1. For region 261-275: of the residues being of a type outside the set (A, V, I, L, M) and crowded, with 19+ Cβ neighbours inside 10 Å, which is farthest from Ser239 (Cα to Cα)?
2. Among Ala257, Ala245, which is the only one that is among the aliphatic types (A, V, I, L, M), crowded, with 24+ Cβ neighbours inside 10 Å and under 18 Å from Ala368 (Cβ atoms)?
3. Please indicate, with yes or no, whether at least one residue in region 194-212 is in contact with a Pro (Cβ under 7 Å, 6 or more places away or on another chain) and closer than 16 Å to His54 by Cβ.
4. Which residues, taken from region 11-53, are over 25 Å from Ala256 (Cβ atoms) and among the small types (Gly, Ala, Ser)?
5. Say whether the condition of being of a type outside the set (A, V, I, L, M, F, W, C), under 19 Å from the mean Cα position of the chain (by Cα) and at pLDDT 95 or above is met by at least one residue in region 215-236.
6. Got at least one residue in region 69-79 being surrounded by fewer than 24 Cβ atoms within 10 Å (Cβ to Cβ), under 23 Å from the mean Cα position of the chain (by Cα) and among the hydrophobic types (A, V, I, L, M, F, W, C)?
7. Between a residue in region 281-293 that is assigned by TED's automatic domain parsing to the domain that holds Ala225 and any residue that is among the hydroxyl-bearing types (Ser, Thr, Tyr) and assigned to a loop (DSSP other than H, G, I, E, B), which pairs come within a Cβ distance under 8 Å, given they are 6 or more apart or on different chains?
8. Here is a list: Leu330, Leu360, Leu351. Which entry is touching a Cys at 6+ places or on another chain (Cβ under 6 Å), in the same structural domain as Thr288 (by TED's automatic domain parsing), aliphatic (A, V, I, L, M) and at pLDDT 95 or above?
Amino acid sequence: MIRSEPRPSCDRTHPWDWLPMPPLRSGPPYLMAESIEREPALAEWLATDPVPAHGADELEALLRAGASTGWPPAVVGCGTSEHAAMAAASIWRAAWRVRGLPGTGPVARQAFEAALDPWPGSLVGVSHEGGTRATIDAMVAARDAGARVAIITAGANGPAAAVAEACLCTGETDLSWCHTIPYVGPIAAATLVADRLAGARTPPDALRAPLDAGLASADACVALARELASSRGLVVVGSGNDRIAGREMALKVEEAAYVPTVYRDLETMLHGHIPSLDVGSGLVLILTERDRRGERVARARQLLAAVGHVGVRTGAILTASAAGALPEALTPAGRVVVPDPEGLQGPAAALLASAVPLQLTTYHLALALGTNPDVLRREFRPYRAAAAAAEEEPTAGAALGPAPGPDPAGR
């Protein structure tokens with residue numbers, strides 16, 4: 001069936017509008033689960049279709065040109081897209097070093113702060129539907145400061161793409177408001193750009209394989225989620241590129257399961273935060289980072305032993321090599337173990353290895369607690385009012401970019 005209603009699309013001529021509120025399902029399966037299941041095919045499509053390939057060529061050229069100014073390229077986004085922006089910056093920095101390109105390489109910036117303090121050079125926004133006001137403001141401010149501006153989005157027909165001179169369209173929209181596709185899609189897309197920066201080629205099956213492996217870990221995700229469900233609060237801990245995944249998991253849990261959740265860096269967690277934890281607390285360690293794995297495992301072992309003394313329920317998401325070095329007794333709430341990715345280099349390996357397990361664990365935590373992960377609690381009037389208040393036009397200064405209208409999901 002041909003859908004003609006306004007929506008995000010890779011077709012720049014198609015009418016654009018926000019996707020509607022997800023339908024209120026009375027029980028599982030929820031749209032979030034269906035979105036997670038589509039991610040392996042999305043990664044494969046991104047690696048083989050000419051539309052994202054053209055966008056990757058455009059972004060690679062823009063990043064190189066912007067770096068010649070002496071300013072590091074900036075990558076911005078909001079919510080899940082902010083975490084995807086962090087991932088893209090990390091993936092591109094690794095490629096930058098491999099190729100010996102000038103400067104430090106791309107850095108992630110918070111969109112609101114980037115709008116208030118724009119840099120010249122270049123800026124890449126990440127916006128799933130292509131209409132996030134803060135991201136557009138950052139793009140417009142950077143453009144006005146002399147920067148070249150691009151976007152990674154599923155809405156190449158949206159307001160953000162209208163501001164950008166280059167666009168990498170990820171092609172798949174997420175119908176759930178607990179976004180999962182907008183995290184995986186830009187990570188896979190960033191890997192395509194990194195290949196061009198580094199003069200490499202990632203095989204399509206290498207992009208897809210860790211996502212398939214994550215789906216195969218579903219039983220372990222269910223078990224971990226059930227053990228964590230009685231926690232009154234959660235802490236997610238990581239180091240290296242797992243810091244990005246940890247931030248994303250903390251956001252997903254709060255969106256989908258409504259459990260107060262914070263992210264802490266591995267070393268930070270050991271410096272003052274343990275007194276806030278007790279037998280009512282849960283902790284999830286993410287350890288899929290390859291770089292300096294031995295040191296990370298050793299410090300993680302100390303952390304898990306420490307929080308075990310105060311009765312914290314501890315679980316983990318691990319690659320097989322990390323799991324083999326971490327005693328099972330330290331993760332009594334359970335562990336999700338996925339294969340070490342093959343054919344992937346640098347940050348993308350860790351980020352894609354952890355993506356589906358953190359999403360599935362969150363989804364099954366929501367099921368265990370009886371929450372609907374798709375609608376951000378908007379079936380209830382106070383949360384609809386909160387979203388409306390958050391999306392009012394700012395009164396302390398005009399928005400910098402074209403106002404696309406209120407974002408019904410607060411994205």
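The values are calculated or read from the model by the stated rules, or taken from the named source; none is laboratory data. If you're wondering where the values come from, they're calculated on a predicted model, not measured in any experiment. When we count neighbours, we look across all protein chains shown, and the Cβ atoms used for this are built from the backbone with ideal geometry, even at glycine.
1. Thr261
2. Ala257
3. Within region 194-212, none of the residues are in contact with a Pro (Cβ under 7 Å, 6 or more places away or on another chain) and closer than 16 Å to His54 by Cβ.
4. Scanning region 11-53 gives Ala47, Ala53.
5. no
6. Checked region 69-79: at least one residue is surrounded by fewer than 24 Cβ atoms within 10 Å (Cβ to Cβ), under 23 Å from the mean Cα position of the chain (by Cα) and among the hydrophobic types (A, V, I, L, M, F, W, C).
7. That search, which allows pairs on different chains as well, returns Ser281/Ser231; Gly282/Ser231; Leu285/Thr331; Leu287/Ser239; Glu289/Ser239.
8. Of Leu330, Leu360, Leu351, the one residue that is touching a Cys at 6+ places or on another chain (Cβ under 6 Å), in the same structural domain as Thr288 (by TED's automatic domain parsing), aliphatic (A, V, I, L, M) and at pLDDT 95 or above is Leu360.
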